[in-house]
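The values are calculated or read from the model by the stated rules, or taken from the named source; none is laboratory data. Nothing here was measured: the structure is a model prediction, and the numbers come from that model. We place every Cβ from the backbone using ideal geometry, glycine too, and count neighbours over all the protein chains shown.
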Amino acid sequence: MITSVSIDKNEILKFYKPIAVDTHKGIQGHALLIGGSYGKIGAVCLSSKAALKTGCGLVTVFIPKCGYEILQIAIPEVMVLTDAKKRCISNISFDFQPNAIGIGPGIGQHELTQKAFLKFLKTNTTPLVIDADALNILSQNKAWFLLLQSGSILTPHPKELERLIGKWTSEEEKFEKTISFSLQYNVIIVMKGAPTHIIDGETIYKNTTGNPALATAGSGDVLTGIITSLLAQGHEPIQAAILGVYLHGLTADIAVSKTGIQSFIASDIIDHLGEAFLSLE
Ligand SMILES: NC(=O)C1=CN([C@@H]2O[C@H](COP(=O)(O)OP(=O)(O)OC[C@H]3O[C@@H](n4cnc5c(N)ncnc54)[C@H](O)[C@@H]3O)[C@@H](O)[C@H]2O)[C@@H](O)CC1
Ligand SMILES: Nc1ncnc2c1ncn2[C@@H]1O[C@H](COP(=O)(O)OP(=O)(O)O)[C@@H](O)[C@H]1O
Ligand SMILES: [Mg+2]
């Protein structure tokens, strides 16, 4: 039976917990963001900065070599691991245990990256957020759906969703197909849009924050960082998805009276995360 839930402040406060006074960076969650390719390193800059500003203690990125200095200079708080290749990711390896991984922003769809992603999917057991070109790679290799670890969070925009589940002819059919996908592979699907809906099996969560200011490059890359950070901090996947989508939209609602719709950019989401969190205290 389908259940519908509206994501508002009351719903968030059912599980939202402020940060403990005696916490430290070692127990505050370590997020790993994997992505970037030549010309799209900015996507990982946005995701990783958003992850830090959402409260996890440590953030590491895994990027192609060409992004090393860009990342280190743009966000000195983030640690950087690089692939052997300059322009794209060809083999994902890291020597620590992250608490959550976000993969896809700016990663591209190079054949070598596709192989690296397959190898990663076969071995990964860490809670996972899959976005952007990682979703597009999955859509090109539908047999890999079976490798999706249960509880993974997929964050498609409408075009990425269509590539994953096929075309729909009505809103009703879109929801039916997305619910079937969620049930079949036991994954959470964040159907990004205006508004965003989160599908967890037969439960549909409808977000109540956000506005057209979010229709700007990198806005989804930021969301991936936010959700990955919340997962790394120990939230259940569905809570990370709900809280992440809510906070992401709230930043735009808070900022828009200052920036206007037109001048709001993805970095403004990151800059207003603090005020969004404060509104929950
Ligand atoms: N600064 C950067 O490095 C940026 C990198 N990006 C990366 O660029 C890669 C390509 O992502 P894109 O999403 O741009 O390209 P895609 O080709 O995946 O999606 C773009 C297509 O989807 C359609 N679309 C998008 N949102 C839609 C909506 N709400 N309703 C209907 N159609 C919609 C567009 O009209 C277009 O046809 C990704 O890896 C992404 O992470 C982008 O996020 C932009 C910023
Ligand atoms: N008109 C809108 N109203 C509310 N939210 C929007 C609107 N347009 C876009 N968004 C949000 O902005 C984000 C866009 O994500 P995405 O398309 O992946 O961007 P990118 O790939 O450039 O980072 C999603 O979270 C989406 O819900
Ligand atoms: Mg995107």
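Here are the numbers for this structure:
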{"item": "Residues (in contact with a strand residue (DSSP E or B) (Cβ under 8 Å, 6 or more places away or on another chain) and more than 18 Å from Glu162 (Cα to Cα)) located in region 106-140", "result": "Ile107, Phe117, Phe120, Asn124, Thr126, Pro127, Leu128, Val129"}
{"item": "Subset of region 2-30 that is out of contact with any strand residue (DSSP E or B) (no Cβ under 9 Å at 6 or more places or on another chain) and among the polar types (S, T, N, Q) - its residue that is farthest from Glu202 (Cα to Cα)", "result": "Thr23"}
{"item": "Count of region 20-40 residues which are surrounded by 10 or more Cβ atoms within 10 Å (Cβ to Cβ), in a loop (DSSP other than H, G, I, E, B), of a type outside the set (Gly, Ala, Ser) and out of contact with any Cys (no Cβ under 7 Å at 6 or more places or on another chain)", "result": "4"}
{"item": "Failed condition for Gly260, given (1) touching a Leu at 6+ places or on another chain (Cβ under 9 Å); (2) more than 9 Å from ligand 2 (Cβ to nearest atom); (3) more than 24 Å from Thr23 (Cα to Cα)", "result": "(1)"}
{"item": "Failed condition for Asp200, given (1) under 14 Å from the mean Cα position of the chain (by Cα); (2) closer than 14 Å to Ile7 by Cα; (3) among the charged types (D, E, K, R)", "result": "(1)"}
{"item": "Test: residue in region 84-97 that is under 25 Å from His248 (Cα atoms), surrounded by 13 or more Cβ atoms within 10 Å (Cβ to Cβ) and in contact with a helix residue (DSSP H, G or I) (Cβ under 7 Å, 6 or more places away or on another chain)", "result": "no"}
{"item": "So Asn186, is it at pLDDT 95 or above, on the phi > 0 side of the Ramachandran plot and surrounded by fewer than 16 Cβ atoms within 10 Å (Cβ to Cβ)", "result": "yes"}
{"item": "Pair list, Cβ < 6 Å and 6+ apart or interchain, from region 109-138 residues that are more than 13 Å from ligand 1 (Cβ to nearest atom) to residues that are in a loop (DSSP other than H, G, I, E, B) and among the hydroxyl-bearing types (Ser, Thr, Tyr)", "result": "Leu112/Ser90; Ala116/Ser90; Leu128/Ser152"}
{"item": "Residues located in region 181-236, provided they are within 19 Å of Lys9 (Cα to Cα), hydroxyl-bearing (Ser, Thr, Tyr) and touching a strand residue (DSSP E or B) at 6+ places or on another chain (Cβ under 7 Å)", "result": "Thr196, Thr203, Tyr205, Thr208"}
{"item": "Search result, residues across region 162-179 that are more than 20 Å from Tyr246 (Cβ to Cβ), touching a residue at least 12 places away in the same chain (Cβ under 8 Å) and in contact with a helix residue (DSSP H, G or I) (Cβ under 8 Å, 6 or more places away or on another chain)", "result": "Arg163, Leu164, Ile165, Lys174, Lys177"}
{"item": "Boolean, Ile238 is under 27 Å from Phe96 (Cβ atoms) and either surrounded by fewer than 22 Cβ atoms within 10 Å (Cβ to Cβ) or within 16 Å of ligand 3 (Cβ to nearest atom) (or both)", "result": "yes"}
